[in-house]
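Trainee: Here it is: the structure, laid out below.
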Amino acid sequence: MRSLTITAIALACAATILSAPGVAYAAPTPTPTPTAPTSAPDLTPAPSSTPTSTKDLEAVREKLDALYHDAAVATDAYNLAEERTEEQSSQIVGLAREIVEGKARLDDLKERSGAAARAQYRGGGLPDEAQLMLSDDPEDFLDGAGRIRQGAQASKGLLAEMSRTQQDLEQYARDAAAQWSKLEANRETKAKAKKKVKEQIAAAEKLESELKKEEKQRLAKLEQRAAYKAQTTWLGSGILDEISGKASAEGKKAVAYATAQIGKPYEWGAEGPKTFDCSGLTSQAWAAAGQGIPRTSQEQWKQLDRVAVEAMRPGDLIIYNADASHVAMYIGDGAIIHAPRPGRTVTIAGAGSMPILGVVRPDK
């Protein structure tokens, strides 16, 4: 774990490694110092082979960021709809089982009630006084009358139970209809989100495909510089001096799982084992640690316990952007592991390289 920490220090501080969420970089020989990053990437324009200005490329970078951000938001909506669809499908199956069992019980109650009614009918319809006068053995009559009263009470109980069972069946049917309506609504939401994701990613890929090789290289440097600047500002605040939390046993397991996924491709809607999106990685890492958490970054932000940035420890989740559209796992020494965006792989980056919304803790 210590070797991972030392590596993370260097990764969190070296300008060639602290990339924006969209870029993964190979580590040079590290210099372990958490608060003194090396110089920013060289953005000197290449010779005349790349006429596009730095200003134009910066506009492209901002446009790509916006497209991939919108794709991330749509991915979160898709994942949430998928999760709710599965829950509602399961509930509908459960309600259907309840209805089948309830109908069988109602049929049984009806049979028992009919048998009781037939037994009473065979007892005759004479008043008790007449039956007493005609009886050869008054004591036997009184015993029989007691049994009849007990049978009548049992019949009333059967009728009451039949009524309750019928009411339960009606409620199950109403609940099933409501869940079905929600299921259809979430299917529609999921379909719209899927379409939005594909549109945003396609637009981003088209924009990137129009760049020349040299322009793509310069764009990557711009992404590095933006991440470097954000991380340097974050580290420059002295925040790392205040963060000293130690990972819990479960947190160590979650970090180990996330670390083992480094290099695997990002894929929207994926939660392993070969590909991941951002919240697919964090949710599966904590599942591997024995702790179930919400599937999406927005629900992770809403439902998990929040802690101050200064109090975070390895294994905690850092939520990014004002709309909680991205999530990463803190691994210590100012570094994170995350699944950045389409076209990138699970990687280590600087915790401050993106705008932090807050920190949540899956375990206590």
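Residues checked against (1) assigned to a helix (DSSP H, G or I); (2) at pLDDT below 80; (3) over 41 Å from the mean Cα position of the chain (by Cα):
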{"site": "92", "(1), (2), (3)": "yes, no, no"}
{"site": "106", "(1), (2), (3)": "yes, yes, no"}
{"site": "116", "(1), (2), (3)": "yes, yes, yes"}
{"site": "126", "(1), (2), (3)": "no, yes, yes"}
{"site": "153", "(1), (2), (3)": "yes, yes, yes"}
{"site": "160", "(1), (2), (3)": "yes, yes, yes"}
{"site": "171", "(1), (2), (3)": "yes, no, no"}
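Trainee: Give the number of residues within region 305-364 that are within 18 Å of the chain's Cα centre (by Cα), of a type in the set (D, E, K, R) and at pLDDT below 95.
Mentor: Counting residues in region 305-364 that are within 18 Å of the chain's Cα centre (by Cα), of a type in the set (D, E, K, R) and at pLDDT below 95 gives 3.
Trainee: Another question, if that's okay. Among the residues of region 233-243, what is the count of those that are in a helix (DSSP H, G or I) and either on the phi > 0 side of the Ramachandran plot or not charged (D, E, K, R) (or both)?
Mentor: 6
Trainee: Moving to a separate point now. For region 293-312, which residues satisfy the criterion of being touching a Ser or Thr at 6+ places or on another chain (Cβ under 7 Å) and over 21 Å from residue 71 (Cβ atoms)?
Mentor: Hit for region 293-312 is 293, nothing else.
Trainee: Of everything in region 330-352, what is buried (at least 22 other Cβ atoms within 10 Å of the Cβ), in a loop (DSSP other than H, G, I, E, B), in contact with a strand residue (DSSP E or B) (Cβ under 8 Å, 6 or more places away or on another chain) and among the small types (Gly, Ala, Ser)? Give them in sequence order.
Mentor: Selection gives 334, 339, 351.
Trainee: Report yes if residue 303 is of a type outside the set (Ser, Thr, Tyr), surrounded by fewer than 24 Cβ atoms within 10 Å (Cβ to Cβ) and without any contact (Cβ under 8 Å) to a residue 12 or more places away in the chain, otherwise no.
Mentor: Taking the combined requirement at face value, the residue satisfies it.
Trainee: Quick one: would you say residue 230 is surrounded by 18 or more Cβ atoms within 10 Å (Cβ to Cβ), not β-branched (Val, Ile, Thr) and not in a helix (DSSP H, G or I)?
Mentor: no
Trainee: If we scan region 259-282, do we find a residue that is free of Cβ contacts under 8 Å to residues at least 60 places away in the same chain, in a helix (DSSP H, G or I) and touching a Leu at 6+ places or on another chain (Cβ under 8 Å)?
Mentor: For region 259-282, residues free of Cβ contacts under 8 Å to residues at least 60 places away in the same chain, in a helix (DSSP H, G or I) and touching a Leu at 6+ places or on another chain (Cβ under 8 Å): present.
Trainee: To continue, here is another question. What's the number of the only condition in (1) farther than 28 Å from residue 88 by Cα; (2) at pLDDT 65 or above that residue 180 fails to meet?
Mentor: (1)
Trainee: Take the residues in region 306-325 that are closer than 18 Å to residue 254 by Cα and of a type outside the set (A, V, I, L, M, F, W, C); name whichever of them is surrounded by the fewest Cβ atoms within 10 Å (Cβ to Cβ).
Mentor: Among those that are closer than 18 Å to residue 254 by Cα and of a type outside the set (A, V, I, L, M, F, W, C), it is 306.
Trainee: Failed condition for residue 327, given (1) in a strand (DSSP E or B); (2) farther than 21 Å from residue 77 by Cα, with all others met?
Mentor: It is condition (2) that residue 327 fails.
Trainee: Go through 248, 353 for me and flag whichever is out of contact with any helix residue (DSSP H, G or I) (no Cβ under 6 Å at 6 or more places or on another chain) and not β-branched (Val, Ile, Thr).
Mentor: 248
Trainee: If you check 246, 194, which single one turns out to be under 32 Å from the mean Cα position of the chain (by Cα), part of a helix (DSSP H, G or I) and surrounded by fewer than 21 Cβ atoms within 10 Å (Cβ to Cβ)?
Mentor: 194
Trainee: If you don't mind, another one. From (1) part of a helix (DSSP H, G or I); (2) under 30 Å from residue 55 (Cα atoms); (3) hydrophobic (A, V, I, L, M, F, W, C), pick out the condition that doesn't hold for residue 211.
Mentor: Single failed check for residue 211: (1).
Trainee: So, one more: Is region 134-151 home to any residue that is modelled with pLDDT under 80, of a type in the set (Phe, Trp, Tyr) and either touching a Gly at 6+ places or on another chain (Cβ under 8 Å) or farther than 22 Å from residue 107 by Cβ (or both)?
Mentor: Yes, the conditions are met somewhere in region 134-151.
Trainee: Name every residue in region 283-322 that is touching a Phe, Trp or Tyr at 6+ places or on another chain (Cβ under 8 Å), outside any strand (DSSP E or B) and of a type in the set (A, V, I, L, M), in order of residue number.
Mentor: Selection gives 285, 288, 289, 293, 312.
Trainee: Given the conditions (1) crowded, with 16+ Cβ neighbours inside 10 Å; (2) modelled with pLDDT of 80 or more; (3) of a type in the set (Val, Ile, Thr), and given that residue 50 satisfies all but one, which numbered condition is not satisfied?
Mentor: Looking at each condition in turn, residue 50 falls short on (2).
The values are calculated or read from the model by the stated rules, or taken from the named source; none is laboratory data. All values derive from a computational prediction rather than experimental measurement. No Cβ is skipped: glycine too gets one built from the backbone with ideal geometry, and neighbour counts run over all protein chains shown.
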